[in-house]
Structure formats: structure tokens, C-alpha cells
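Novice: This is the structure I want to talk about, given as C-alpha cells.
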Amino acid sequence: MKVLVIGSGGREHALAWSLAQSSEVSEVFVAPGNPGTAREPKVRNVALSVSDHDAIEKAVQTHSIDLTVVGPEQPIVAGLKDFLDSNGHKCLAPSMFAAQLEGSKSFAKEFMKRHQIPTANSFVTHDIDEACARIRRSEFPIVIKADGLAAGKGVVVAHSLNQALNAARNMLSGRAFGDAASTIVIEEFLAGEEASFIVLTDGENVLPFATSQDHKPAFDGDKGPNTGGMGAYSPAPVIDDDVHKKIMDHIVNPTIQGMQEENNPYHGFLYVGLMIQEQEPYVVEYNCRFGDPEAQPVLMRLQTDFATHCLAATEAGGLAGRQLKFKKNCTVAVVLTSPGYPGKYKTNLPISGLNSNVPGTKVFHAGTKEEQGRIVTSGGRVLTVVSSGPTVELAQRNAYARANKIQWSGVHMRTDIGHKAIARERKKTA
Ligand code: AMP
Ligand code: GLY
């Protein structure tokens, strides 16, 4: 089987690497990929833009691709799956309509309300006076969200009346996110611990991946501005067996069944961002794709053949009787970023130490490019270093041993990825 992965980040490097492990797979193409994917055995990059659907279809034909797996949300929300399907090609991703679970927060909130899926109470509006009146009657903190895609930046947790009013005004005026914020969601603040729950579904059957936890703030101790993700680990102990069952029974299964009942079956990866509040899970957001950086530590633990399950998920009912199995070990992923990220940052900084090794670790590329035979930085999140170990603490130690061998001018990483799980591990053994 030949597989095409759409995207160029750390998640896509992990997807391509994991798909290439399959004995059923002869070749993996990544469009456009990065220098890390270019160096993987059985993997080859194809230069094209993820928003150019015609070029993607041409690549599918030229390389006789059997399955396309889409990494990022933008091409999914723009209807890439529908386009490839209509041309007779297999594509693992939800349809444009189903992808509204991520592409429109108001769609997601109304869907959850219809299906009694636990989530924060919310109010949807496109009118500034109505928004301000509602905010004035609220308690703080309160959460203001742009309805559409805003590259993970369209959420403000406002701690005061002024901050909330400013956020709503900035969004609804179009200043902050253009059309993506012509509607906003005003949402009750949920306290608790966040976790990521990702599943593979054929529209009927649901196979959960191992649980994970992301670290969005830029600095240690969960301080500083929110980023696309500074690191992740798997499994997330906040999801014990009891919480896992509640997530499947009250959230994931009702979501997949609800989409099916409404004649919009959901295929592909579904990422549910959760807040766990005293053993009760609530949906913070849906994403219509795998997580980044969650894919890196989660796929490192996968034992089951990934490619055959991805292919099976493109057929309604194709996952019946199947299961995803994971290694018992823990994995910790540390993201190395450019100086200044998530604000303005420098690029073209030469990277050293990529050839160093520490057993049990792997480096996934994201914001890198090759220039005159050298690998240099080209984005905010540059690399993800993943390590496995018998505990989160040991996996973390190993991940930093490898990460600290990699250098560029102003390289930044958090030094505490996995801290919540490590605190739990220590409490258990104390
Ligand atoms: P989202 O893009 O919806 O995932 O929101 C980004 C981040 O904002 C989440 O990872 C949470 O940390 C925070 N957040 C969003 N909604 C809420 C909420 N209702 N209560 C508390 N925190 C939230
Ligand atoms: N790690 C957060 C995300 O993929 O949206």
C-alpha cells in the first residue's frame, strides 16, 4: 500500500513514521513534509501546498496512492476529504460538514446541547450589544471564543469585566481574527485538569488511542502566553479507568452516534480536549484531527499496525472487531522552539546536535528546512524530542538528555514537561 500524508509539522512526521512501520506499506509520501520526513526510511516528500486540492489529487494519481491521511485541520475544514472522495480516492479525515465540530464552535456547542454531552454552559452571539450585556451579567473568569478557526489563538480566558468586554469587542469588530470571529461563544469557565482524548473512528466503531496531556503555556509552571503546544506525555494518569469509561459513555460514543443519527457520519481522527473536574469529564473543544504534539508521544507507544487500521477506518464499519494496542511504557515529548515564539521569532538559525543520540529517544521535525546541506530553523515549533521509559519521570529525564544536546541561537524549551504526572507518581510511591 502507498500512503500520502498531508502536512509538514511534528504530527505529520510522527504519522508518516508510524505508517511506514507497517509491512503492508511500501512507501509513504508526505506533502509537503519536512527534512525529518525526508530522512525516514520508506518516506519521500512531495512539494505542494496543503490548500491546493488539485495538486494533491494529481499527486494521488501520479504516485498511485491507496490512502491519504490528512494532518492539519485547515484542509479538512476546506473539504479535502469530500474532494478526494468524489474523485474516487480513499482519504482518512472527516467530511467538511462533520469537521464543523472543530471549524465552528457554535456548531459544536449546539450539537453537544442536542445530545446532552457534558460541556461548559455557553451563549452564542454575533451582536456586540448582546455580548456586552451578557458579559456584564456574568461571573469571572469567563471564556470568550472566536467561532471559526483561529490557529489555536481564538480563546481568551478573561479574569475581569474589562478584559472580557475588550476580547468580545476585538473579536466581533473583525480586528482580532477577521471573519473567524464574526460570531463568538461566551462560555462558563471550567476549573480542573485538562487532558487529550483521541480516537479513530469509521463512523460507527470507535478505537481510543492512549490518553495524553499537552502543555500549552510557553513557560515552566504553566506560565506565559498560550502556544500550539510545548510538550506532551502519554498516558495521562488523570484519566483513570473510571474517567475513561465516563469519557467513552458520556462523550465519545454519543458524539459518534449523534453525528451518525444526524446523517453526518464522522470518519477519521476525533480529538476531544477535556477538562476533568473531580472525576467528571467535560468537553472543552473538539478537533477534527490528531493532536500536535500529542501524536508524537502517543504514536511512539502504538503496537498495532497503524496503516491497516487507518485504511479500515475509511470504510463504514471497517473497524468492527479491531483494537489499538499500546506499549505499557510512558512517553514524554519536549518541543524545542525558536527564540520569541509564540510572538515574532527569528528563522534560518543553524541547528547543531541533530546526529547525537540517546537510546530510547526520537526527534521529530516541524519548523525546519534544509539550506545548502544544513538544517536550519524555519518555524516557531522547530523539533519535538520524544523519549520512552518505565515511568514519566524516567522518560522525562531521557527526553531532556537528548534535547539538551540540540542547539541553536536562543533555543527555548520548557524544563517541566510531565510535571503533573510526575507529582502523581511520586505521591504513589511516597
Ligand atoms: P480551545 O481552543 O477551545 O481548546 O481553548 C484553548 C484553551 O483555553 C484550552 O486548552 C483551555 O486551557 C482554555 N479553555 C477553553 N475553554 C475553557 C473553559 N470553558 N474553561 C476553562 N478553560 C478553557
Ligand atoms: N495540542 C493541541 C492541539 O493539537 O490542538
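The values are calculated or read from the model by the stated rules, or taken from the named source; none is laboratory data. Predicted model only: the values in this text are computed from it and were never measured. All Cβ positions, even for glycine, are placed from backbone atoms using ideal geometry, and neighbour counts span all protein chains on display.
Novice: Name every residue in the stretch 208-219 that is among the hydrophobic types (A, V, I, L, M, F, W, C) and surrounded by fewer than 18 Cβ atoms within 10 Å (Cβ to Cβ), in order of residue number.
Specialist: F219
Novice: Any residue in the stretch 115-131 that is more than 20 Å from I247 (Cα to Cα) and free of Cβ contacts under 8 Å to residues at least 60 places away in the same chain sitting within a Cβ distance under 9 Å of a residue that is of a type outside the set (V, I, T) and assigned to a loop (DSSP other than H, G, I, E, B)? List the pairs, counting only those 6 or more apart or interchain.
Specialist: Cβ pairs passing all conditions: H126/D147; H126/S182; I128/S173.
Novice: Take residues that are buried (at least 24 other Cβ atoms within 10 Å of the Cβ) and tell me which of the strands (runs of 3 or more DSSP E) falling wholly in the stretch 220-308 contain 1 or more.
Specialist: Of the strands (runs of 3 or more DSSP E) lying wholly inside the stretch 220-308, those with at least 1 residues that are buried (at least 24 other Cβ atoms within 10 Å of the Cβ) span 231-234, 268-277, 280-287.
Novice: Filter the stretch 84-109 down to the residues that are of a type in the set (D, E, K, R) and either buried (at least 22 other Cβ atoms within 10 Å of the Cβ) or not in a loop (DSSP other than H, G, I, E, B) (or both) and list them by number.
Specialist: D85, E102, K105, K109
Novice: So the check is Cβ under 7 Å with 6+ separation or different chains; which pairs have a first residue in the stretch 285-300 that's within 6 Å of ligand 2 (Cβ to nearest atom) and a second one that's of a type in the set (F, W, Y) and not in a loop (DSSP other than H, G, I, E, B)?
Specialist: N287/Y271; G291/Y271
Novice: If you go through the stretch 126-147, how many residues are part of a helix (DSSP H, G or I), touching a strand residue (DSSP E or B) at 6+ places or on another chain (Cβ under 6 Å) and basic (K, R)?
Specialist: The total comes to 1.
Novice: Let me ask something else about it. Quick one: how many residues across the stretch 24-50 are among the basic types (K, R) and in a loop (DSSP other than H, G, I, E, B)?
Specialist: Looking only at that region, the number is 2.
Novice: Ok, one more. Which one of these does S160 not meet: (1) within 16 Å of ligand 2 (Cβ to nearest atom); (2) over 26 Å from the mean Cα position of the chain (by Cα); (3) hydroxyl-bearing (S, T, Y)?
Specialist: (1)
Novice: For the condition basic (K, R) and more than 16 Å from ligand 1 (Cβ to nearest atom), what is the one hit in R322, R289?
Specialist: Of the residues listed, the single one that is basic (K, R) and more than 16 Å from ligand 1 (Cβ to nearest atom) is R322.
Novice: If you don't mind, there's one more thing I want to ask. Could you run through the stretch 99-125 and say how many residues are under 17 Å from the mean Cα position of the chain (by Cα) and among the polar types (S, T, N, Q)?
Specialist: So the answer is 2.
Novice: Let me ask you something else. When you scan the stretch 148-215 for strands (runs of 3 or more DSSP E) that lie fully inside it, which ones turn up with 1 or more residues that are touching a strand residue (DSSP E or B) at 6+ places or on another chain (Cβ under 8 Å), of a type outside the set (A, V, I, L, M, F, W, C) and under 26 Å from G258 (Cβ atoms)?
Specialist: Once the strands (runs of 3 or more DSSP E) in the stretch 148-215 are filtered for at least 1 residues that are touching a strand residue (DSSP E or B) at 6+ places or on another chain (Cβ under 8 Å), of a type outside the set (A, V, I, L, M, F, W, C) and under 26 Å from G258 (Cβ atoms), what remains is 184-188, 193-201, 206-208.
Novice: Pick from V283, V298: which is more than 16 Å from ligand 1 (Cβ to nearest atom) and within 27 Å of A191 (Cβ to Cβ)?
Specialist: Only one candidate qualifies: V298.
Novice: Pull out all pairs, ordered by first then second residue, where Cβ-Cβ is under 7 Å, the residues are six or more apart or on different chains, the first lies in the stretch 148-161 and is more than 18 Å from L190 (Cα to Cα) and at pLDDT 80 or above, and the second is in a loop (DSSP other than H, G, I, E, B) and not hydrophobic (A, V, I, L, M, F, W, C).
Specialist: G148/S104
Novice: Right, something else. Scanning the stretch 225-242 for residues that are within 23 Å of M300 (Cβ to Cβ) and free of Cβ contacts under 8 Å to residues at least 60 places away in the same chain, which turns out farthest from ligand 1 (Cβ to nearest atom)?
Specialist: In this case the residue turns out to be D241.
Novice: To continue, here is another question. Filtering the stretch 124-137 down to residues that are surrounded by fewer than 16 Cβ atoms within 10 Å (Cβ to Cβ) and not β-branched (V, I, T), which residue is farthest from ligand 1 (Cβ to nearest atom)?
Specialist: The selected residue is D129.
Novice: Then there's this: Output the number of residues of the stretch 178-210 satisfying the condition of being within 16 Å of ligand 2 (Cβ to nearest atom) and either under 25 Å from V157 (Cα atoms) or of a type in the set (F, W, Y) (or both).
Specialist: Matching residues across the stretch 178-210 total 8.
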